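Visitor: Dropping the structure in here first, questions after.
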Amino acid sequence: MRRIAVAALMTLMGALPAFAVGKITTFTLDNGLEAVVLEDHRAPVVVHMLWYKAGAADEKPGVSGVAHFLEHLLFKATDKMAAGEFSAVVEANGGSDNAFTSYDYTGYFQRVAADRLELMIQMEADRMRNIRLTDEDIETERDVILEERNQRVDSEPRALFGEQRRAAQFLNHPYGIPVIGWRHEAEALDRAAVFDFYDTFYAPNAAILVVAGDVDPDEVKALAEKHYGPLRPTENLPERVRPQEPPQLSERRVIYEDAKAAQPFVARSYLAPERDPGDQETAAALTILAELLGGNSATSVLGTQLEFGSGRAIYTAASYSGLSYDDTTFGVFAVPAPGVSLQEIEDDMDAVIAGFIEDGVDADQLARVKGQIRAGQIYSEDNVGGLARRYGAALASGLRVEDVKAWPDILEAVTEEDIIAAAKQVLNRKTAVTGWFRKPASEVTQ
């Protein structure tokens, strides 16, 4: 039934514009706050999102995890609200709220009835510049993030393996440092580190306001000017320039062994370009390449040859996301079948990739992947929260509104030749990190 629904939707897509639910309005306040309004009047609901153009990769050396730590602390007290009152007010007004931290941004959002938008703007503007933290807040919340690291990373062998591979991939760029922070640095985070980051980046000239839903752009602008407008910008806001990677001249390898490793696998990541303003073509080709190689086990190149063909793999995948301020990665992944060693499945994976580059792209498969991407774009526009995230994440990663609008057409224009050219450019073992995840060698019975 799902395949039928997708097929039916795809027959209608030629008549639908890239943005089907309303118009997009932008404005910038005098203090530097950028704003995007996405109109969708189908339901009396609004999503209010505030994105700060600062994430884990913008931290100073030695205070890893401070961006994520501050995200937690922003739910404490402000000049006008008690600790915990922010979320309580959102809930009392029938809404929901949350926050998230990434390498390139930190975001806060609320989903409420449209007539409660001003209240959300008022509260979010308050905590942009006016948080009040006690020593107890710092100590208590630091324990919370350390326990979060315990549960999500330190007790999860696969998470530790991923952390080690990323550190090997990015030797100089802060993308090699975990968002949650290295444990020994997170344990030492203090009030000074928190307020240094907060006072610098939690400012209107380092933020993007995204409002999506049943709203009028002029009213949103008036509310933004009323509540965000009086906030002072950060003077001499530092330019967003991170340490860059030196040229990688040889493959790096990581072997991670843990007695709790239930299933061995091979994971490789290659350095890859991201989406840049006015230059998204290579990223589009890599997006489609990832789907062709390992997007769906039943139809992808790796899946059909290694899972359903030779049967030498239990699972395969490929991944790429171009939403990154600096260079990102393209990944491939394979879980060997019983009796197949990690070296053998790695060799098989390499042979399949080499064969794909040599043979070229199957036209029918390319058409299928493009159709799925178009369907995904349309489905995502049915959710105002997802739409707000699409624009917020892109703008906070250095793109422009016109780049987001152009992205579907750029994906559609990708040719078979573009995909092979991108594969030859990126899938180079000299710029890769290959990792083996397994039980200790003494316990391996392959």
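Visitor: Pick from Gly95, Gly181, Gly376: which is most flexible by mean-square fluctuation in a GNM of the chain where alpha carbon atoms under 10 Å apart are linked?
Guide: Gly376
Visitor: Taking the full set of protein chains and a 1.4 angstrom probe, give the accessible area of Lys221 in square angstrom, rounded to the nearest 10.
Guide: The value for Lys221 is about 80 Å².
Visitor: If you fit an axis through the alpha-carbon atoms of helix 416-426 and take the longest principal axis of the Cα set of the chain, what angle between them do you get, 0 to 90°, nearest 10?
Guide: 90 degrees
Visitor: Right, something else. Arrange the residues Tyr325, Tyr52 by how much accessible surface each exposes, largest first, with a 1.4 angstrom probe. Don't skip to the end; give the middle numbers.
Guide: Details: Tyr325 65, Tyr52 0 Å².
So, going from the largest accessible area down, we get Tyr325, Tyr52.
Visitor: To the nearest µm²/s, what D does Stokes-Einstein give for region 156-291 at 25 °C and 0.890 mPa s, using the Kirkwood radius over alpha carbon pairs as Rh? Mind showing how you got there, number by number?
Guide: On the way: Rh = 19.8 Å.
For the chosen part, D equals 124 µm²/s.
Visitor: Now, a different point. At a probe radius of 1.4 Å, what is the per-residue accessible area of Leu119, in Å² to the nearest 10?
Guide: 60 Å²
Visitor: Determine the gain in length on full extension of the stretch Ser442-Thr134; use 0.36 nm per residue of separation and subtract their C-alpha separation, reporting nm with one decimal. Provide the component values of the computation, followed by the final result.
Guide: Numbers: separation 308, 0.36 × 308 = 110.88 nm, distance 5.07 nm.
My answer for the length gained is 105.8 nm.
Visitor: Past the 20 Å Cα-Cα mark, which pairs from Lys53/Lys370; Lys60/Lys430; Lys80/Lys226; Lys23/Lys221? Can you show the working numbers first?
Guide: Values: Lys53/Lys370 31 Å; Lys60/Lys430 30 Å; Lys80/Lys226 17 Å; Lys23/Lys221 15 Å.
The answer is Lys53/Lys370; Lys60/Lys430.
Visitor: Something else: Check Asn428: other-chain or 5+ apart residues with amide H under 5 Å from its amide H, H built from backbone geometry?
Guide: none
Visitor: Please work out the average accessible area per residue across the chain, using the 1.4 Å probe convention, and give it in Å². Present the calculation step by step, with values, prior to reporting the outcome.
Guide: Values: 19810 Å² over 446 residues.
Per residue, the chain has 44 Å² of solvent-accessible surface.
Visitor: Rounded to whole Hz and in sequence order, give me ³J(HN,Hα) for region 143-156 from the Karplus expression 6.51 cos²θ - 1.76 cosθ + 1.60, θ = phi - 60°, writing x for Gly and Pro.
Guide: 4, 5, 6, 5, 5, 4, 5, 4, 6, 8, 10, 5, 9, 10
Visitor: Considering only protein heavy atoms and a 1.4 Å probe, what is the carbon-and-sulfur percentage of the accessible area of the chain? Present the calculation step by step, with values, prior to reporting the outcome.
Guide: Values: 10050 of 19810 Å².
The C+S portion of the solvent-accessible surface of the chain is 51 percent.
Visitor: With the dipole of the chain worked out from charges on the C-beta (+1 for Lys and Arg, -1 for Asp and Glu) around the Cα centre, which of Leu399, Ile180, Ile353 lies farthest toward the positive end?
Guide: Ile353
Visitor: Divide the volume of the convex hull of the Cα atoms of region 56-173 by its number of residues and quote the answer in cubic angstrom per residue.
Guide: Details: hull volume 15.5 nm³, N = 118.
Taking only Cα atoms, region 56-173 has a hull volume of 131 Å³ per residue.
Visitor: With no solvent and one equal point scatterer per Cα, compute the Debye intensity ratio I(q)/I(0) for the chain at 0.11 Å⁻¹ and report its log10, rounded to two decimals.
Guide: Log-scaled intensity ratios, in q order: -0.98.
Visitor: Angle check, please: helix 281-294 long axis (alpha carbons) against the longest principal axis of the chain (alpha carbons), in degrees 0 to 90, nearest 10.
Guide: 50 degrees
Visitor: Sticking to Cα atoms, compute the Rg of region 262-395 to one decimal and its Dmax as the biggest Cα-Cα distance, whole number, in Å.
Guide: Reported Rg and Dmax, both Å: 16.3, 48.
Visitor: Between the helical axis of 363-380 and the dominant principal axis of the chain, each derived from Cα atoms, what acute angle in degrees is found, rounded to the nearest 10?
Guide: Rounded to the nearest ten degrees, it is 20.
Visitor: Now, a different point. Counting only protein chains, not ligands or nucleic acids, how are Ile419, Ile255 ordered by accessible area (probe 1.4 Å), most first? List each step's numbers first, then the result.
Guide: Values: Ile419 0, Ile255 100 Å².
Solvent-accessible surface, decreasing: Ile255, Ile419.
Visitor: Would you list Asp403, Asp348, Asp279 from the most to the least accessible area, probe 1.4 Å? Provide the component values of the computation, followed by the final result.
Guide: Working: Asp403 5, Asp348 35, Asp279 85 Å².
Correct descending sequence by accessible area is Asp279, Asp348, Asp403.
Visitor: Sticking with this structure for a sec: Kindly write out, for region 200-206 in residue order, the coupling ³J(HN,Hα) from the Karplus curve 6.51 cos²θ - 1.76 cosθ + 1.60 (θ = phi - 60°), rounded to whole Hz, with x marking Gly and Pro.
Guide: 7, 9, 8, 8, x, 7, 10
Visitor: What spacing in nm lies between the two simple spin-label points modelled at Thr200 and Lys60, each 7 Å away from Cα in the Cβ direction?
Guide: 0.6 nm
Visitor: Can you give the FRET efficiency for Gln372 and Ala351, using 1/(1 + (r/R0)^6), R0 = 30 Å, r = Cβ-Cβ distance, to the nearest 0.05?
Guide: On the way: r = 26 Å, r/R0 = 0.88.
Result of the calculation: an efficiency of 0.70.
Visitor: Which residue, Asn296, Asn236, Asn428, tops the fluctuation ranking in a GNM of the chain built on C-alpha contacts under 10 Å?
Guide: In the Gaussian network model the winner is Asn236.
Visitor: Something else about it: About the Cα centre of the chain, what is the dipole size in debye to 20, counting +1 per Lys and Arg Cβ and -1 per Asp and Glu Cβ, all else neutral? Before the final figure, lay out the partial values.
Guide: Details: 44 positive and 70 negative charges, 123 e Å.
The dipole of the chain has a size of about 600 debye.
Visitor: Give me the accessible area of Glu156, 1.4 Å probe, in Å² rounded to the nearest 10.
Guide: The accessible area comes out at roughly 90 Å².
Visitor: Now for a separate question. Return the distance in nm (one decimal) between the two label points of a simple spin-label model at Asn172 and Asp258, each offset 7 Å from Cα along Cα→Cβ.
Guide: So the two model labels end up 3.1 nm from each other.
Visitor: Find how much the distance from Lys424 to Arg400 grows on full extension, using 0.36 nm per residue of separation minus their present alpha carbon separation; answer in nm with one decimal. List each step's numbers first, then the result.
Guide: Working: separation 24, 0.36 × 24 = 8.64 nm, distance 2.83 nm.
Computed gain between Lys424 and Arg400 is 5.8 nm.
Visitor: So, one more: What is the distance, in nm, between label points placed 7 Å from the Cα along the Cα-to-Cβ direction at Asp327 and at Ala82?
Guide: Placing both labels 7 Å along Cα→Cβ, they lie 5.2 nm apart.
The values are calculated or read from the model by the stated rules, or taken from the named source; none is laboratory data. All values reported here derive from a predicted model rather than from experimental measurement. Note: ideal-geometry Cβ built from the backbone for every residue, glycine included; neighbour counts use all protein chains shown. Heads up: the accessible areas ignore ligands, DNA and RNA and are worked out on the full protein's heavy atoms, side chains in. Shrake-Rupley method; radii C 1.70, N 1.55, O 1.52, S 1.80 Å.
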